[in-house]
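Asker: Below is one structure. I have some questions about it.
The values are calculated or read from the model by the stated rules, or taken from the named source; none is laboratory data. This structure is a prediction, so every number in the text was calculated from the model and none was measured. Cβ coordinates were reconstructed from backbone atoms using ideal geometry, including for glycine residues, and neighbour counts include every protein chain displayed.
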Amino acid sequence: MIQALDAIFDGTALHPQAPLNLAAGARVRITVETLIPDAESEHKTFLQTAKSLQLEGDPDWSETFEQRFHGDNLSENA
């Protein structure tokens, strides 16, 4: 019987992504074919994700963070 399935290699063992129709202790032959990951499934860094969101806002957010976050008028507190 031949079964084709995808698996994930964790650095030590292969983990099938679907159940195998095998009895415990069955001997099998494994041929490994590396799959090319989808571009969408690649892990992105925080900066790559943030940049991809294309957010718009005031350019001075970091300069007026306290006022925006706390609602404080900074000139009154100085």
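Every residue, every condition in (1) out of contact with any Leu (no Cβ under 8 Å at 6 or more places or on another chain); (2) closer than 15 Å to Asp6 by Cα; (3) at pLDDT 85 or above; (4) part of a helix (DSSP H, G or I), yes or no:
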position	(1), (2), (3), (4)
Leu20	no, yes, yes, no
Ala23	yes, no, yes, no
Ala26	yes, no, yes, no
Glu33	yes, yes, yes, no
Lys44	yes, no, no, no
Lys51	yes, no, no, yes
Gln54	yes, no, no, no
Asp58	yes, no, no, no
Trp61	yes, no, no, no
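Asker: Restricting to the stretch 64-78, give me the number of residues that are loosely packed, with under 10 Cβ neighbours inside 10 Å and modelled with pLDDT of 70 or more.
Answerer: The qualifying residues number 2.
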